[in-house]
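What follows is a short report on a single structure.
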């Protein structure tokens, strides 16, 4: 982490700017951006309703249905264009909630220390004992596949890892002289956290947001693939892969299109996050060549 | 990573033991924390599936809930007794090997799940071992030929594959090797529930390959980074100056020191596999724990869900302890007592 001083907001933008200017960062952002664009304006462009029966089941691509039909003869193109925005929105909200909750826990744990720290970090260990997908499945099994529940489950399963990373970074900053000085001056802890500790964590948090967004997409699309997301007849990329894989030979587009879009999004966000992490460590400035020590630090941060 | 974050906070009073034994101490301390974590997990799993939803019996029966059936099921699940007593009965049952009976088909959960543990274990161990060997091998190769075309291709490829969901990898493999391009391997497993998973190796190929492809990039990236780090160290340069052959430097000087940080990542990949098998088993219809979990969640088969989640959590905790102990055992510097 860079040496900390107050008022580091411009620094966060500088890191983002540096990341975008690297080939890696630009590629990642462009790829993820394209998928977001498809998902966002797709519903407007879709030639048919996503639930309308347009052609034969698993019909080959033709003039009426450019990418053929799905398992019930609905238009694959329309369902692809319509099936992304909810997935992306869920991933974004889950990421925001998870990172916010995790960062809060991590900073409070680091700054308070002692008993509060122990309680928070032991709770973190308990949630970490569940694989993310399994934790979400556990909650879904109780209350059913509700959208808010899935978002909440994914957010809760993100929080522990974010809390660990944030706590480590915040511990580092809490030990600095400028924080000590303010404590001696009698400035209340809450204000020190908000005005001085948090701004110094922006680089760390940006990397976390990127990572968690990728993982959110993996888990939410995975749940959707398992049938615990948006319920039929709604269109959703994960669900489409599951519905249409029986007809893989007759019309592969029904599986390929959603799979490609999900893959492109996660590759894009992950590549961009990698670029941000390198930029925040000051590696991206020199060249695109990966620095082994930075890579070690990155692996530590990402795992 | 676990030790790295845990070690400093555990200052405590200095040990009174005459000779500190870091490996034994770590094992005892981590096992203690592990058991505590598992107890808390069991409380959470119990609370989540029994107390939160208003009433589990309602959730199970859904619209077929008549007062009489509801009452019978409540009695069967002991829902009419206080929560603490319910938890106690459940926990004691687990220690006696009794995980309850499945709500979906009335069979004993222990025997339903027991047979599947082996199937999933075969998948996890095969994928874990192959993935580790491949990841370490490619990492060493890339580090030895740093900045070559091969290194760049591998690094960029690893970055891209790291982010792929399992079902996307699985779909791509099915398209290429099972359904559309070639027809080499079956796209779904069809072996009978009782038969051993290795009795038909062709059915294991695609599920294992999917998991391997997903985990190799993690191991590779870590191995490459720590290998480059150790190739740049003084003792490797010293060995080069002495004229030690290249292969000896790579495998006898650099590799042993580079493997320690990678062990944490290998542990993490095994942890990942505990969740990864869910999607892969479902995709290939492989009769393991993950597939059973998905089916149980669909059926709201609470005793089975509790059992499978506990098994997965126990695996998680055990791998964590094992990872810490192994990484301690392979890094001589950390084995020495602190201070």
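What follows is calculated from the coordinates using simple rules that are stated; it is not laboratory data. Just so you know, these numbers come straight off a predicted model, no measurement behind them. We place every Cβ from the backbone using ideal geometry, glycine too, and count neighbours over all the protein chains shown.
Can you give the average number of partner chain beta-carbon atoms within 10 Å of each beta-carbon in peptide A:166-172, as a whole number? Don't skip to the answer; put the middle values down first.
Numbers: counts 0, 2, 4, 0, 0, 3, 0.
Per-residue shielding by partner chains comes out at 1.
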By per-residue mean of other Cβ atoms within 10 Å, what is the highest-first order of A:97-104, B:167-174? B:167-174, A:97-104
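What 222 nm value per residue comes from the helices of chain A, counting each DSSP H run with n ≥ 4 as -39,500 (n - 2.57) and dividing by all residues, nearest 500 deg cm²/dmol?
Working: 13 runs with 209 residues, N = 303.
The per-residue figure over chain A is -23000 deg cm²/dmol.
Neighbour counts of other C-beta atoms within 10 Å: give me B:251, A:178, B:220 arranged from fewest to most.
Details: B:251 11, A:178 14, B:220 28.
Fewest-to-most ranking of B:251, A:178, B:220: B:251, A:178, B:220.
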All-pairs alpha carbon distance profile, segment A:32-126, 5 Å steps from 0, percent: 3, 13, 15, 12, 10, 8, 7, 6, 7, 7, 6, 4, 2, 0
With a point put 7 Å past each Cα toward its Cβ, work out how far residue B:24 is from residue B:72 in nm, to one decimal. 5.8 nm
Roughly speaking, what is the centre-to-centre gap between segment B:91-128 and segment A:124-199 when only Cα atoms are used, to the nearest Å? 33 Å
Expressed in angstrom and rounded, the centroid-to-centroid distance over alpha carbons for segment A:81-95 and segment B:258-286 is 26 Å
Modelled label-to-label distance, residue B:247 and residue B:88, 7 Å Cα→beta-carbon offset: nm? 6.7 nm
Mind pulling the angle between the C-alpha long axis of helix A:23-45 and the longest principal axis of chain A? Nearest 10 degrees, somewhere in 0 to 90. 50 degrees
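Take every residue in peptide A:135-147, count the Cβ atoms of other chains within 10 Å of its Cβ, and give the average of those counts. Don't skip to the answer; put the middle values down first.
Values: counts 6, 2, 10, 11, 4, 3, 16, 13, 5, 5, 2, 0, 0.
Averaged over the peptide's residues, the number is 6.
Which order results if A:225, B:99 are arranged by neighbouring Cβ count within 10 Å, fewest first? Walk me through the numbers on the way to the answer.
Details: A:225 30, B:99 23.
Going from least to most buried by this count: B:99, A:225.
Pop the C-beta distance of residue B:156 and residue B:121 into the FRET formula with R0 = 41 Å and round what comes out to the nearest 0.05. Each step should come with its number before you reach the end.
Values: r = 34 Å, r/R0 = 0.82.
It comes to 0.75.
Report, as a whole number in µm² per second, the diffusion coefficient that Stokes-Einstein gives for segment A:115-231 at 37 °C and 0.692 mPa s using the Kirkwood radius over alpha carbon pairs.
Working: Rh = 16.2 Å.
Taking Rh from Cα pairs, D becomes 203 µm²/s.
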Which Rg and Dmax, in Å, describe the Cα atoms of chain A? 22.1, 75
Per-residue mean of C-beta atoms belonging to partner chains within 10 Å, peptide B:155-165: 6
What is the angle, in °, between the Cα long axis of helix A:114-128 and the longest principal axis of the Cα atoms in chain A? Nearest 10 is fine, range 0 to 90. 20 degrees
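Got a sec? How would A:79, B:300 order by Cβ neighbour count within 10 Å, fewest to most? Write out the running numbers ahead of the final one.
Numbers: A:79 31, B:300 21.
So the ranking, lowest neighbour count to highest, is B:300, A:79.
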How high is the FRET efficiency from residue A:89 to residue B:330, r the C-beta distance, R0 45 Å, rounded to 0.05? 0.50
